[in-house]
Amino acid sequence: MKPCLAILLAVFSCCLWADLPRLSRKEAELLKSVENLPPEQAIQAIKASLPEDASAAMHFSFGVLCYKADRLAQARQSFLRSLELAPDFDEARLNAAKVMMREQLYSEAVPHLVQLVSKNGQENPAELWLLLAQCRLKLGQLLAAEKAVSNAIALKPDAQDAQLILLQAIVLQPGRLDEASSLARQLLKKSPTDSRLWSLWASVELEAEHPNKAMDILETAKHFGAADVPMLETLLDLTINRNFASQACQLAMELHKKGNLSSQRAQLVIEYLQNAEQSHLARTLLDATTTLLPEKVLMAARSRQAVLEGDLQTAIRLLQETLEKEPLDGKALLSLADLLEDRSQGDALLERALLLPEFKYQALLKLATRAVEENRYPQALQFALQARQLKDTPELEHFSEQLREAIHDIPK
C-alpha cells in the first residue's frame, strides 16, 4: 500500500504546484481519507463520493489508483475523462496511451502518442518515440516503426530497448535479412548476454533458411548463458531436424533437470531417438522422464523401447495391456500386429484399426503388404486401391500397377 500511496501523493503535489489541473480542497481530503484502505476498498469509496463535476486532477488521480489495482479499463476511462476536461493535460494523455498498450489497444494508443511527440517541450521525447515505435510494430506498420524508433535512438543512442525494436522492425521486412544479421552482431558486441538479441539473430538465419548458422548462434548464446527456454527448445528442434541424436538427448536432459521439459517435447525426443534406433540414448531419456509422460504415452514408449532392445515378449505384453484398457488404441493395434507371429491375429488387429479414420490408411498399407507376402495379390490390390482413395501417392500408384501385373501373370 505504501508505494502506491507515494505515487498518488506525487501526483497530488504535481497537480497542486505545477501548471497543471489542480485538485480542489474537498477532492484532496477525499483522497487523503482513503490512503490507508486496500486499493479495491479505496476505489469503491471514491466512486461512491465522486462528484459529477470532479476535476481533471481528480479523475487523473483516480485513474492512477485504478491502474495500481490492475483495473485497466477503469483506469483508461478515468485518464480519458481527465483529458476531456483538460485537453492539454499531457500526463493524462500519456497514461491513457500506456494503459491502452497494456490492454493491447495499440491502434487506439497511436493517435495520443502522435499528438505527444508532435508537441515541443516534452520532458522525455525519446520515451514517446519508443512507445510509438512499439505500437507501430505491434500493428505491423514496419517502416513507421523503424522511423519512430530511429528518432528515439537519435535522441538517446544507448537505449538498448530501442535498438532491439529497430532490429525487430528490420527483421520483419522482406529483403533485409542481411542488414538485420549485421545489426544483431553489432549489438551483441555490446550486450553478449542479451537473450533477446541472440533469439532475433537466430530467427533471422532461420528465416533465411540457414539452419546450421542458427544452431551455431543458439549454441553460442547457450555458452554465454543467454539462452532462455524457448531458445533451447528451438535448438533442440534443430538438432532433431539435423539428426544430431546425442546433442538432442543432452539438451532434453538439461531442460528436464531444470524442470523446463514439457511432456509433449519429451515424447517427441524419445520418439525421434527410437525411430533413429538410438536405443541407449532413448533408454536414458525414457528412464529420466517416466513420471513426466502420460500413462498411455509411457506404455507406447516402453513397448517401442523393448522392441529396440530385442525383448519382444515384454513389448507384446505392454501392448496387450494397453489394448485391454483401450481396445481402439490405433498405435497399439498397428504395433502389436507387427509383432504377433500368428498372422490371423495380426490381420484381425489391423481390421480393427480400419474402424479408426486416423489410422485407416496405415492399416490398409500394412494389410496390403501382408497380403503380398502371402501371395494374395487380388486382396493386396483391393487394399492398395482403398488406400489410394484416402491419400494417393506416386509410390502407391506404382505399387498398384505392380500388383496388377502380378495378378495378370498368375496362371489361369
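Miscellaneous remarks
- Histogram of C-alpha separations across the range 124-210, 5 Å bin width, %: 3, 17, 27, 23, 21, 8, 2, 0, 0
- Here the 3J(HN,Hα) profile of the range 385-400, calculated from phi with Karplus coefficients 6.51, -1.76 and 1.60 at θ = phi - 60°, is 5, 5, 5, 5, 5, 8, 7, 8, 9, x, 5, 6, 5, 5, 4, 5 Hz, Gly and Pro shown as x.
- Spin-label pair S49/L268, simplified geometry with 7 Å Cα→Cβ offset, distance in nm: 5.7 nm
- The range 121-145 residues near the modelled S191 label - backbone nitrogen below 18 Å, point 7 Å along Cα→Cβ: 126-135, 137-138
- For the range 167-315, the Stokes-Einstein estimate of translational diffusion at 10 °C and a viscosity of 1.306 mPa s comes to 96 µm²/s, using the Kirkwood hydrodynamic radius over alpha-carbon pairs.
- For K213, net neighbour charge (Lys/Arg +1, Asp/Glu -1) across residues whose Cβ lies under 13 Å away: -4
- Computed from phi, the 3J(HN,Hα) profile of the range 269-282 under the Karplus parametrisation 6.51, -1.76, 1.60 (θ = phi - 60°) reads 5, 4, 4, 4, 4, 5, 5, 7, 6, 8, 4, 5, 5, 4 Hz, with x in place of Gly and Pro.
- Accessible area (Å², per residue) of the chain, counting only protein heavy atoms and a probe of 1.4 Å: 54 Å²
- For the range 323-383: rounded, prolate or oblate by the Cα gyration tensor [a/c cutoff 1.5]: oblate
- One entry in (i) -0.24, -0.55, -0.84, -1.21; (ii) -0.49, -0.83, -0.96, -1.09; (iii) -0.29, -0.61, -0.88, -1.18 is log10 I(q)/I(0) by the Debye sum over Cα atoms at q = 0.06, 0.09, 0.11, 0.13 Å⁻¹ calculated from the shown coordinates; its label is (ii).
- The mean of 1/r over all pairs of different alpha-carbon atoms in the range 26-152, once inverted, gives a Kirkwood hydrodynamic radius of 15.4 Å.
- With the simple spin-label model, which puts each label point 7 Å out from Cα in the Cβ direction, the K325 to E341 separation comes to 2.8 nm.
- Acute angle (nearest 10 degrees) that the helix 295-308 long axis makes with the longest principal axis of the chain, alpha-carbon atoms: 40 degrees
- Alpha carbon centroid spacing (whole Å) that separates the range 345-412 from the range 171-203: 52 Å
- For the residue pairs K119/K147; K32/K119; K189/K213; K68/K147; K47/K98, the C-alpha atoms sit more than 29 angstrom apart in K32/K119; K68/K147.
- Seen from a random direction on average, the alpha-carbon convex hull of the range 175-259 projects onto 5.2 square nanometres.
- Linear extension gain, K156 paired with N260, 0.36 nm per residue minus alpha-carbon span: 33.7 nm
- Relative to the longest principal axis of the Cα atoms of the chain, the long axis of helix 56-68 makes an angle of roughly 30 degrees.
- Crossing angle, helix 72-85 versus the chain [Cα axis fit, 0-90 degrees, rounded to tens]: 30 degrees
- The range 273-325 and the range 70-119 have Cα centres separated by 57 Å.
The values are calculated or read from the model by the stated rules, or taken from the named source; none is laboratory data. Because the structure is predicted, anything quoted here is derived from the model rather than measured. Reconstructed Cβ throughout: ideal geometry from the backbone, glycine too, with neighbour counts over all protein chains shown. Ligands, DNA and RNA are stripped out before the accessible areas are found, and what is left, the full protein with its side chains, is counted by its heavy atoms. Shrake-Rupley method; radii C 1.70, N 1.55, O 1.52, S 1.80 Å.
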